[in-house]
Amino acid sequence: MVVRPQPIRVGHPDGNQGHISGKLKHEVDFKTIADSAGLVPEQVLGYEMTSTTKRPRRVGWFEWEQFHQACALNAPTDIVLTFADYLSETNQSARRFERLHIDTIKFIEELERVAQAPVSLINTCFPRNPDETIDLRSVIDRRNWTTRRTRR
């Protein structure tokens, strides 16, 4: 299951309040998210446009009840956490789990407790430009890789 720390929805087209892509229980704005994480609000606002319609996205605080329901329906075996930098800008430079901000680690531990599944991959800095690719160093891989010998 892929989880984003702040759920997003497509913004209202042309300010039409009657047409939305879904409700957000705890809607805020990206300036608030950026300020909370220590990011530059203008940069975050510039990144948060839909890829097809180029409309601004709407955002909200994490919805634990919705996450719990999604876990009950999907029974995830592993979780991928994206946009960890939106929890704290210091996560951008983390290359190992223990280097993440303490509040991010607590968030991950709670995700694992609720889901009863490990957060196996953590994306610490998402590509910001269309021509930019994912820097593999920005993905913390917590999977337990083992090799199995087969007897012949």
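The values are calculated or read from the model by the stated rules, or taken from the named source; none is laboratory data. Everything numeric here is computed off the predicted structure, so don't read it as measured data. So basically every Cβ, Gly included, is an ideal-geometry build from the backbone, and we count neighbours across all protein chains shown.
A few points about this structure:
- Within region 51-74, restricting attention to residues that are among the small types (Gly, Ala, Ser) and free of Cβ contacts under 8 Å to residues at least 24 places away in the same chain, the residue that is surrounded by the fewest Cβ atoms within 10 Å (Cβ to Cβ) is Ser51.
- Residues in region 106-119 that are buried (at least 17 other Cβ atoms within 10 Å of the Cβ) and either under 14 Å from the mean Cα position of the chain (by Cα) or not aliphatic (A, V, I, L, M) (or both): Phe107, Ile108, Leu111, Val119.
- Hits in region 56-82 - residues which are of a type outside the set (A, V, I, L, M), over 15 Å from the mean Cα position of the chain (by Cα) and part of a helix (DSSP H, G or I): Glu65, His68, Gln69, Cys71, Asn74
- Selection count, region 116-152, where residues are at pLDDT 70 or above and over 24 Å from His101 (Cα atoms): 1
- Only a single criterion out of (1) modelled with pLDDT under 95; (2) under 17 Å from Leu111 (Cβ atoms) is not satisfied by Gln69, namely (1).
- In the set (1) surrounded by 12 or more Cβ atoms within 10 Å (Cβ to Cβ); (2) modelled with pLDDT of 80 or more, Arg96 fails one condition alone, (1).
- Considering region 1-50, the residues that are at positive phi and modelled with pLDDT under 90 include one that is surrounded by the most Cβ atoms within 10 Å (Cβ to Cβ), namely Gly22.
- Scanning region 34-69 for residues that are farther than 25 Å from Val114 by Cα and among the hydrophobic types (A, V, I, L, M, F, W, C) yields Ala34, Leu39, Val40, Val44, Leu45, Met49.
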